[in-house]
1. Filter region 114-128 for residues that are more than 13 Å from the chain's Cα centre (by Cα) and in contact (Cβ under 8 Å) with a residue 12 or more places away in the chain; which is nearest to Arg26 (Cα to Cα)?
2. If Asp122 satisfies all but one of (1) more than 24 Å from Lys56 (Cβ to Cβ); (2) touching an Asp or Glu at 6+ places or on another chain (Cβ under 8 Å), what's the number of the condition it fails?
3. For region 119-140, what are the residues that are surrounded by 15 or more Cβ atoms within 10 Å (Cβ to Cβ) and within 19 Å of Lys20 (Cβ to Cβ)?
4. Run down Asp134, Asp76, Asp49 and say which single residue is of a type in the set (Asp, Glu) and in contact with a Ser or Thr (Cβ under 9 Å, 6 or more places away or on another chain).
5. Checking Lys97 against (1) under 19 Å from Asn25 (Cα atoms); (2) surrounded by 13 or more Cβ atoms within 10 Å (Cβ to Cβ), which test does it fail?
6. Being without any contact (Cβ under 8 Å) to a residue 12 or more places away in the chain and not hydrophobic (A, V, I, L, M, F, W, C) is the filter here; which residues of region 43-52 pass it?
7. Within region 4-19, restricting attention to residues that are in contact with a helix residue (DSSP H, G or I) (Cβ under 8 Å, 6 or more places away or on another chain) and hydrophobic (A, V, I, L, M, F, W, C), which residue is farthest from Thr90 (Cα to Cα)?
8. In region 1-42, how many residues are within 17 Å of Phe74 (Cα to Cα), touching a residue at least 24 places away in the same chain (Cβ under 8 Å) and either among the aromatic types (Phe, Trp, Tyr) or part of a loop (DSSP other than H, G, I, E, B) (or both)?
Amino acid sequence: MDRTERVTLTNMCMIKNNQKILVINRNDPTWPGLTFPGGHVEAHESFHDSVIREIKEETNLAIKKPHLVGIKQFYDDNNNRYIVFFYIATKFSGHLKASKEGELIWMTKKELQQEKLAYNFDRDLKVYFNNDIDEHLLDGKRDVLF
């Protein structure tokens, strides 16, 4: 029995500055709306290095010591596993600058929860805001938080 499968590895990072959280209003027609910045892990790149690189590319901020807080997994249209590593960063330097990915906005948690979010991102937020939850699983039949 083969125990390997095709997997897409990605990351997403909540950047906090006191009571404000950085969000991106994504232009992507596949998954538009408010979410946290992030992107794909490149071949032979560590998850840690990938989130630092992606945040720099999408926001121009250099985050320091991102902390892994959870994961999300689901299956894409080709039935390949898709894993998102969720990070939080509270230390960063640089000047905020949007990329082609979308507009960047600082919001409070309350403001964020009242906005139109990217599909199913409200479920992802539970992983970020609840220390008792560290995984969001979508498998076509279930939408479960562990």
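A short reminder: the numbers here are calculations on the coordinates, not readings from a lab. Keep in mind that what you see is a predicted model, and the values were worked out from it rather than measured. Glycine also receives a Cβ, built like all others from the backbone with ideal geometry; neighbour counts cover every protein chain displayed.
1. Within region 114-128, the match that is nearest to Arg26 (Cα to Cα) is Lys116.
2. Failing condition for Asp122: (2).
3. Once the filter is applied, which keeps residues that are surrounded by 15 or more Cβ atoms within 10 Å (Cβ to Cβ) and within 19 Å of Lys20 (Cβ to Cβ), region 119-140 yields Phe121, Asp124, Leu125, Tyr128.
4. On the way: Asp134 fails: in contact with a Ser or Thr (Cβ under 9 Å, 6 or more places away or on another chain); Asp49 fails: in contact with a Ser or Thr (Cβ under 9 Å, 6 or more places away or on another chain).
One residue alone meets the criteria, Asp76.
5. (2)
6. His44, Glu45, Ser46, Asp49 - these are the residues of region 43-52 that are without any contact (Cβ under 8 Å) to a residue 12 or more places away in the chain and not hydrophobic (A, V, I, L, M, F, W, C).
7. If we take residues in region 4-19 being in contact with a helix residue (DSSP H, G or I) (Cβ under 8 Å, 6 or more places away or on another chain) and hydrophobic (A, V, I, L, M, F, W, C), then Leu9 is farthest from Thr90 (Cα to Cα).
8. So the answer is 4.
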